[in-house]
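What follows draws every value from the coordinates through simple rules; no lab data is involved. A quick note: this is a predicted structure, and the numbers were derived from the prediction, not measured. For neighbour counting, all protein chains shown are included, and Cβ atoms are generated from backbone atoms with ideal geometry for every residue, glycine included.
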Amino acid sequence: MKLIAIDMDGTLLNSRNEISRENIEAVKRAQSKGIEVVIATGRAYFDAFQHMKEAGLSTWIIGANGSTIHDKDGTRLQSISVRKGDAEEILKYFTENGFYYEVFSEHKLYSPQNGRELLNIELDRVKTANPDADLVEMNEAAERQFSQEPFEFVTSYKEILEETDKYYNLLAFSFDDKKLKEAWDRYADRDDLTLTASASHVFDIMHRDVSKGNAVMKLAEKFGVGRKDIMAIGDNFNDVSMFNIAGVSVAMENAPDGVKEQAKFVTLKNNEHGVAHIIAKMIK
């Protein structure tokens, strides 16, 4: 094994958004053996970097599902943005259809000022339509989004278009499955965009050349590492592109069945230090 690509949410991070001591030690052990460890996350670079810094870890970071690549010192190797015209059309659609959304740019996340209100309205509708719905899970999913930083809240998507020309990831979040599917179907056949799902209730829109798998391959080529020497670890559908290019693909036990089916191995849950478990197993 010469390169290990690790997802963050649901994988390296536990449900408290922390990197456990066991996982920290496993990453450091791999690095001590000369293995290049790369974080590959749907989070923005600056958000992922903060988590790694707090854990005392230094790695390359693939951010926004592969839109950006930064080295250990924070120097950017790659950035691929959705075109401004496409971003404008997508954000207009999200706004008109009452979506909570996020735009990942160079230095901050943009989000509507009434974001919590939008999600609370949807939660109330879910409660009314289905009293047995798992509201705890839904609230946790929403709070996970709000835990990222730094946010800039806007009253109109037009403010985003005026302030930045970098649109690395346009994320839509909804508790209304029908609404999410309609939005997904609207953009799924566009050959200039990539769609993926990084969590439940969420989908992400990036430039067509963007995926975690493409970004991992770019780094593998830079490091002179062949596919057979890559291990990829993840828990959701945005990780499958990494599984497809890795010699060793590992899904978390907490991953959806559709993700586990596409991995060669399944490790323990993220709350059971599954990353540390599989690294210990694969690296003697």
Selection from Ala276, Ile69, Thr95, by position along the positive dipole direction of the chain (Cβ): Ala276
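For region 84-207, what is the charge dipole size about the Cα centre, in debye to the nearest 20, if Lys and Arg each add +1 at the Cβ and Asp and Glu each add -1 at the Cβ? Display every interim value, and only then the final one.
Details: 14 positive and 28 negative charges, 33 e Å.
For this selection, approximately 160 debye.
Is it possible to state the helix-based mean residue ellipticity at 222 nm for the chain, with each DSSP H run of 4+ residues giving -39500 (n - 2.57), the sum divided by total residues, to the nearest 500 deg cm²/dmol? What is it? List each step's numbers first, then the result.
Working: 11 runs with 112 residues, N = 284.
Taken over the chain, the calculation gives -11500 deg cm²/dmol.
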Could you work out the mean projected area of the convex hull around the alpha carbons of the chain, in square nanometres to one decimal? 14.0
For region 186-260 the trypsin sites (Lys or Arg not before Pro) that pass both the DSSP coil test and the at-most-14 other-Cβ-within-10 Å test are Arg190, Arg208
For Lys218, give me every one of the lysines with a C-alpha distance below 20 angstrom, ignoring sequence neighbours fewer than eight places off in its own chain. Lys2, Lys72, Lys228
Lysines with Cα under 26 Å of Lys178, excluding same-chain neighbours fewer than 8 positions away: Lys92, Lys127, Lys260
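When a footprinting reagent is the concern and you count Cβ atoms within 10 Å, what order do Thr68, Thr75 take, fewest first? Show your work: numbers first, answer last.
Details: Thr68 26, Thr75 8.
With the sparsest Cβ surroundings first, the list reads Thr75, Thr68.
Under the definition of Cα pairs under 8 Å and six or more residues apart, what whole-number percent is the relative contact order of region 1-137? Don't skip to the answer; put the middle values down first.
Numbers: 151 pairs, mean separation 19.8, N = 137.
It comes to 14 percent, rounded to a whole number.
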Per-selection Rg to Rh, region 1-80 - Cα, Kirkwood hydrodynamic radius: 0.94
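Mind pulling the per residue volume of the convex hull built on the Cα atoms of region 73-150? Å³ is fine.
Values: hull volume 9.7 nm³, N = 78.
In region 73-150, the Cα convex hull volume per residue is 124 Å³.
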Fewest-first sequence of His277, His107 by Cβ atoms within 10 Å of each Cβ: His107, His277
